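Input: a single structure, listed below in structure tokens.
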Amino acid sequence: MKTLRILSRNIRDSFKSVFRNFSLSLASISCITITLIVVSVSMILSLNVNNFTSLIEKDVTIVAFLKTDITEEETDKVYDEIITLDNIEKDNVEFRDKMDISKEMMASSETFKSIMKDWTREESPIQDTFQIKVTDINLIHKTAEEIKNIKNVDVVKYGEGMVEELVKVFDVIRKVSIAIVISLILVTAFLIANTIKITIMSRKREIEIMRLVGASNINIRLPFMFEGLTLGIIGSIIPIIITIYGYNALYNHFDGQLFTQFIKLIKPDSFVYLVSLILLAIGMIVGMFGSIRAVRKYLKI
Amino acid sequence: MDIIRMKNVKKTYKTGTTAIYDLDLNIKKGEFVFVIGSTGCGKSTLIKMLYREEKPTSGKILVGGIDVGKIRNGKVYKLRRKIGVVFQNYQLLQNSTAYENVAFALEVLGLPKSEVHPKVMKVLDLVGLKNKAKQYPNHLSGGEQQRVAIARAIVNGPKILICDEPTGNLDPKTSMEIMEVLEAINKLGTTIIMVTHDIEIVEKLKKRVVLLDSGRIVKDYKEGEYKK
Ligand SMILES: Nc1ncnc2c1ncn2[C@@H]1O[C@H](COP(=O)(O)OP(=O)(O)O)[C@@H](O)[C@H]1O
Ligand SMILES: [Mg+2]
């Protein structure tokens, strides 16, 4: 009961204080708002990148073409070497015999059939292949090189750059936005600390009296913590609205995919609420962090 | 029974100034003690150590059984709840009414409104300000403001009331009115320690008087002994 009373008093006071120093509070709130918008954008971006890279990863296959004159023994050796590599799914290495490939091609088109129907194993220009899946698409280039260096492997082909390039670009964007977010968070925490500092200064007498009449330290500090928290919560309102409505609009505008059908966007349903929750949490943490800093520094008990 | 015991107390500030030297002082429960002496002789330092605004450099101070020199910062509030403090400049919240100023002292301790109200009205009555409860400090005279401050200091029922020159800003007549309030509080059982410059008051009230000079007690007059 007593705790509850003190708590409700603190919440009321923190709101009062936010509005009493409105211009100052506004600076902090705007800063949190901007920070959280950037956080939101970069979070939506990187979660989507993660999502579609993992989707693409499932599809990207390295095809290793073997020399035409290879023996069965040598083929086994190539297989053994492939499965010792790091970045491959070991039970997903598939051998495809050239005669099987011919059959498939002949089945798919009459033209192929007329050309290929008389080819014997020895004559066929088609090569045996291994189809290999990687676990980390970022390393696909290196893995392909390693496979190419295996004896009796002739040529290696895979998703051909486009996917790789796209992943690289998004990765850079993600890293840059993380850097921006971190610096923005620092600036915000500093601004909040400053706001709280001013509040502490302006309530010096109140604090003095509280100490004098025997309010406990936690009781004296709590209102300022709550003020930071309140700033954080108010500052996260606009970013949350933007996240929910903005992402839904974006998703609908692009019909759930970006540029090509390969890049599927995450469905907004629960995703936007998850992001919103994280934004609120970050706002609260930054607010608390800023006020703890100010209280530590300026509210000597 | 002594409610305050000071033994071999010394206080040297960080600046190197020693404000109190080897001071011994015992005060009984229910006593009214004046602390007098010239400016800078260490009166404020002496009482600040009682409510742990300052820590003694050496020696022992017991206030209501609490070893003041030993309590940790986080526990100081327990000592403060046993002590009321009044200053020369009242220290009121200007944006709060007389009532709110007094109630503040209870609200920050988490008392419910139902308990706050009767206690506040009772002390406002005791200091004679029941009909000015809704006034803001800048609409009250100096004497009235000091009475609000006194009401705030005693609303939580402290055992000890410490006053640092409470009549310093008041004219003689108003000062006497304040002294009447303090005497009434003392009669109800609260121990009072009052620092003052006002020799007239000290002589008139005939209480115990501790005379300080350069950080030492040079004279401890029993009730009625002190003469100008
Ligand atoms: N916070 C402080 N820091 C350093 N010196 C102080 C401090 N407070 C008081 N003093 C010094 O201690 C001495 C006693 O001061 P004080 O106790 O305020 O005297 P009084 O109240 O009798 O006028 C003075 O010399 C004063 O300058
Ligand atoms: Mg003084």
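The values are calculated or read from the model by the stated rules, or taken from the named source; none is laboratory data. Since the structure is predicted, the reported quantities are computational estimates derived from the model, not experimental observations. Quick reminder, even Gly has a Cβ in these numbers, built from the backbone with ideal geometry, and neighbours come from all protein chains shown. All accessible areas refer to the heavy atoms of the entire protein, side chains included, with ligands and DNA or RNA removed. Shrake-Rupley method; radii C 1.70, N 1.55, O 1.52, S 1.80 Å.
Can you tell me which of (1) within 16 Å of ligand 1 (Cβ to nearest atom); (2) over 23 Å from residue B:195 (Cα atoms) is the one residue B:135 doesn't meet?
For residue B:135, the exception is condition (1).
Given the criteria within 14 Å of another protein chain (Cβ to nearest Cβ) and either over 18 Å from the mean Cα position of the chain (by Cα) or not hydrophobic (A, V, I, L, M, F, W, C) (or both), does residue B:120 qualify? It would help to see each step written out before you state the result.
Details: within 14 Å of another protein chain (Cβ to nearest Cβ): yes; either over 18 Å from the mean Cα position of the chain (by Cα) or not hydrophobic (A, V, I, L, M, F, W, C) (or both): yes.
In short, yes.
Considering only residues that are among the polar types (S, T, N, Q), at pLDDT 80 or above and within 12 Å of residue A:227 (Cα to Cα), which ones fall in the stretch A:1-38?
The answer is A:25, A:28.
Can you pull out the residues in the stretch A:73-123 that are touching a helix residue (DSSP H, G or I) at 6+ places or on another chain (Cβ under 8 Å), surrounded by fewer than 16 Cβ atoms within 10 Å (Cβ to Cβ) and part of a loop (DSSP other than H, G, I, E, B)?
Scanning the stretch A:73-123 gives A:83, A:86, A:117, A:119, A:121.
With respect to residue A:201, determine if the residue is more than 30 Å from residue A:30 (Cβ to Cβ), modelled with pLDDT of 85 or more and not hydroxyl-bearing (Ser, Thr, Tyr).
Working: more than 30 Å from residue A:30 (Cβ to Cβ): no; modelled with pLDDT of 85 or more: yes; not hydroxyl-bearing (Ser, Thr, Tyr): yes.
No, not satisfied.
From the residues in the stretch B:27-44 that are polar (S, T, N, Q) and within 9 Å of ligand 2 (Cβ to nearest atom), which one is least open to solvent (accessible area, probe 1.4 Å)? Write out each step before concluding.
First pass over the stretch B:27-44, keeping only residues polar (S, T, N, Q): B:38-39, B:44.
Applying the additional criterion that residues be within 9 Å of ligand 2 (Cβ to nearest atom) yields B:39, B:44.
Numbers: B:39: 116, B:44: 42 Å².
Applying the filter and picking the extreme gives B:44.
From the set of residues in the stretch B:147-165 that are out of contact with any His (no Cβ under 7 Å at 6 or more places or on another chain) and closer than 20 Å to residue B:43 by Cα, which is nearest to ligand 2 (Cβ to nearest atom)? Give the derivation first.
Here is the first cut: in the stretch B:147-165, the residues out of contact with any His (no Cβ under 7 Å at 6 or more places or on another chain) are B:147-164.
So of that shortlist, the ones also closer than 20 Å to residue B:43 by Cα come out as B:150, B:153, B:160-164.
On the way: B:150: 18, B:153: 17, B:160: 18, B:161: 17, B:162: 12, B:163: 11, B:164: 6 Å.
Checking each candidate, the answer is B:164.
Filter the stretch B:149-165 for residues that are within 12 Å of chain A (Cβ to nearest Cβ) and among the β-branched types (Val, Ile, Thr) and give the result.
Residues satisfying the conditions are B:154, B:155, B:162.
Looking at A:70, A:44, A:62, can you tell me which residue is β-branched (Val, Ile, Thr), part of a helix (DSSP H, G or I) and either touching a helix residue (DSSP H, G or I) at 6+ places or on another chain (Cβ under 8 Å) or not assigned by TED's automatic domain parsing to the domain that holds residue A:266 (or both)?
On the way: A:70 fails: part of a helix (DSSP H, G or I); A:62 fails: part of a helix (DSSP H, G or I).
The conditions single out A:44.
Among the residues of the stretch B:45-56, write down those that are basic (Lys, Arg) and within 10 Å of ligand 2 (Cβ to nearest atom). Even if it seems obvious, please write down each step before you answer.
Going residue by residue through the stretch B:45-56, those that are basic (Lys, Arg) are B:48, B:52, B:55.
Listed by number, the list holds a single entry, B:48.
Consider only pairs whose beta carbons are under 8 Å apart and that are at least six residues apart or on different chains; among these, list those whose first residue lies in the stretch B:82-96 and is closer than 22 Å to residue B:167 by Cβ and more than 8 Å from chain A (Cβ to nearest Cβ) and whose second residue is acidic (Asp, Glu) and not in a loop (DSSP other than H, G, I, E, B).
Short answer, once both residue conditions are applied: B:86/B:164; B:87/B:164; B:88/B:164.
So residue A:238 ticks every box in (1) of a type in the set (Val, Ile, Thr); (2) open to solvent by 40 Å² or more (accessible area, probe 1.4 Å); (3) within 14 Å of chain B (Cβ to nearest Cβ) but one. Which box is left unticked?
Going through the list (1) of a type in the set (Val, Ile, Thr); (2) open to solvent by 40 Å² or more (accessible area, probe 1.4 Å); (3) within 14 Å of chain B (Cβ to nearest Cβ), residue A:238 breaks only (3).
For residue A:218, state whether it is surrounded by fewer than 19 Cβ atoms within 10 Å (Cβ to Cβ) and within 14 Å of another protein chain (Cβ to nearest Cβ). Working first, answer last.
Numbers: surrounded by fewer than 19 Cβ atoms within 10 Å (Cβ to Cβ): yes; within 14 Å of another protein chain (Cβ to nearest Cβ): yes.
So residue A:218 passes the test.
Contact list please: Cβ distance under 7 Å, first residue in the stretch B:110-133 and over 21 Å from residue A:2 (Cβ atoms), second residue among the polar types (S, T, N, Q), pairs at least six apart or on different chains.
B:133/B:97
Being more than 20 Å from residue A:74 (Cα to Cα) and aromatic (Phe, Trp, Tyr) is the filter here, so list the residues in the stretch A:100-144 that pass it.
If the condition is that a residue be more than 20 Å from residue A:74 (Cα to Cα) and aromatic (Phe, Trp, Tyr), then A:112, A:119 are the ones that fit.
So, residue B:75, is that one within 14 Å of chain A (Cβ to nearest Cβ) and over 30 Å from residue B:140 (Cα atoms) or not?
Details: within 14 Å of chain A (Cβ to nearest Cβ): yes; over 30 Å from residue B:140 (Cα atoms): yes.
Answer is yes for this residue.
Inspect the stretch B:88-97 for any residue being polar (S, T, N, Q) and within 16 Å of ligand 1 (Cβ to nearest atom) and give the result as yes or no. Lay out the reasoning, then the answer.
Restricting attention to the stretch B:88-97, the residues satisfying the condition of being polar (S, T, N, Q) are B:88-89, B:91, B:94-97.
Retained after the next criterion (residues that are within 16 Å of ligand 1 (Cβ to nearest atom)): B:88-89.
Within the stretch B:88-97, one or more residues are polar (S, T, N, Q) and within 16 Å of ligand 1 (Cβ to nearest atom).
Suppose we filter the stretch B:30-63 for residues that are within 14 Å of another protein chain (Cβ to nearest Cβ) and more than 9 Å from ligand 1 (Cβ to nearest atom); how many remain? Steps first, please.
Residues of the stretch B:30-63 that are within 14 Å of another protein chain (Cβ to nearest Cβ), as a first pass: B:47-48, B:50-55, B:63.
Remaining after also requiring more than 9 Å from ligand 1 (Cβ to nearest atom): B:50-53, B:55, B:63.
Total satisfying the criteria: 6.
Residue B:10 passes all but one of (1) free of Cβ contacts under 8 Å to residues at least 12 places away in the same chain; (2) more than 29 Å from residue B:188 (Cβ to Cβ); which number fails?
All conditions pass for residue B:10, except number (1).
Any chance you could count how many residues in the stretch A:26-60 are closer than 30 Å to residue A:193 by Cβ and either under 14 Å from the mean Cα position of the chain (by Cα) or in contact (Cβ under 8 Å) with a residue 12 or more places away in the chain (or both)? First the steps, then the outcome.
At the first step, the residues of the stretch A:26-60 found to be closer than 30 Å to residue A:193 by Cβ are A:26-46.
Adding the requirement that they be either under 14 Å from the mean Cα position of the chain (by Cα) or in contact (Cβ under 8 Å) with a residue 12 or more places away in the chain (or both) leaves A:27-46.
Count: 20.
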